[in-house]
1. Quick one: would you say residue 113 is under 18 Å from the mean Cα position of the chain (by Cα) and more than 30 Å from residue 185 (Cα to Cα)?
2. Within the stretch 64-85, track down each residue that is within 17 Å of residue 258 (Cα to Cα) and surrounded by 16 or more Cβ atoms within 10 Å (Cβ to Cβ).
3. Can you tell which of 23, 3 is farther than 30 Å from residue 309 by Cβ, surrounded by fewer than 11 Cβ atoms within 10 Å (Cβ to Cβ) and modelled with pLDDT under 75?
4. Residues of the stretch 293-345 being over 21 Å from residue 155 (Cα atoms) and within 14 Å of the chain's Cα centre (by Cα), which ones?
5. Being modelled with pLDDT of 95 or more, buried (at least 18 other Cβ atoms within 10 Å of the Cβ) and in a loop (DSSP other than H, G, I, E, B) narrows it down to one of 207, 211, 193, so name that one.
6. May I ask you to say which residue of 302, 298, 287 is closer than 16 Å to residue 98 by Cα, free of Cβ contacts under 8 Å to residues at least 40 places away in the same chain and crowded, with 21+ Cβ neighbours inside 10 Å?
7. Can you name every residue in the stretch 112-145 that is part of a strand (DSSP E or B), over 30 Å from residue 292 (Cα atoms) and in contact with a helix residue (DSSP H, G or I) (Cβ under 8 Å, 6 or more places away or on another chain)?
């Protein structure tokens, strides 16, 4: 073989060299693809974490805003239980573990101990809605405050709490119909003036400033025992007051109806998130205050409430853990608690 043939032979690649080269290229491609997938998954997880953080903060901000206009907090006693029983929840999901917190007027926020539990998994309070000022035909002007009952509780979503799953719980907001202050109405001593003012509340006629509010069909003595006959009175079309409910309400049966426009039976479903269940990993913070109990529908799950302090300086703690229902990759969650000052007149 001449020198020219030998040079041509040595200029090519052997099979072994080709296999090694292809293997290195495939390894590099695999590494680049893996890094790309890892980066994409990390970005998606960061996006989910950002979203769940925003939603948790938003929900607690909404609750705190409502509490700023609160004038009466209900807790786990006879009065609180009575008002829970008056709420018309027929158009809303069934509550799960809807226990009001037990008031501790001289205590601090702390985890429960057996025998002196105070953590609740729902909240109910009275918030000021508006003040109605109206001038009647006689020329007299009267001012009456109007309130709404506001409540938050958990309900089951899909299959509900299940071992091995952090999801299955929703949040529900109950906002009641307007309730006019019964004590202030009683202070309108002229029968004709009182009847005219009550008709104004019922028929939604413009107030002194031209504003039109929702119809108020109930006069309520704020926070008074519902067992007393004058706690709730129905405003009749002629401007009189009835101690017992009448049409269009169920005759003789008092219930506080929800305002459909302001109530929400599913605060989390359309957001693709859930209140964390008892079966969530411990790092998510469920049961920070309440003692975890998995019997029945479980307690407390990821929404805990405590109330402390005297009436003049009430404080309320809200602890909420939300988790994303997106199970692709690491599950995003956010654990947040806030403490608010509120009134309890």
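1. No: the conditions fail for residue 113.
2. Residues satisfying the conditions are 66, 83, 84.
3. 3
4. Listed by number, the list holds a single entry, 338.
5. 207
6. Going through 302, 298, 287 in turn, just one is closer than 16 Å to residue 98 by Cα, free of Cβ contacts under 8 Å to residues at least 40 places away in the same chain and crowded, with 21+ Cβ neighbours inside 10 Å: 287.
7. Within the stretch 112-145, 127, 132, 134, 142, 143, 144, 145 meet the criteria.
Residue-by-condition table, conditions (1) at pLDDT 95 or above; (2) at negative phi; (3) assigned to a loop (DSSP other than H, G, I, E, B):
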position	(1), (2), (3)
286	yes, yes, yes
290	yes, yes, yes
297	no, yes, yes
301	yes, no, yes
304	yes, yes, no
316	yes, yes, no
329	no, no, yes
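The values are calculated or read from the model by the stated rules, or taken from the named source; none is laboratory data. Keep in mind it's a predicted model, so treat the numbers as computed, not measured. Please note: Cβ atoms are built from the backbone with ideal geometry, for glycine as well, and neighbour counts cover all protein chains shown.
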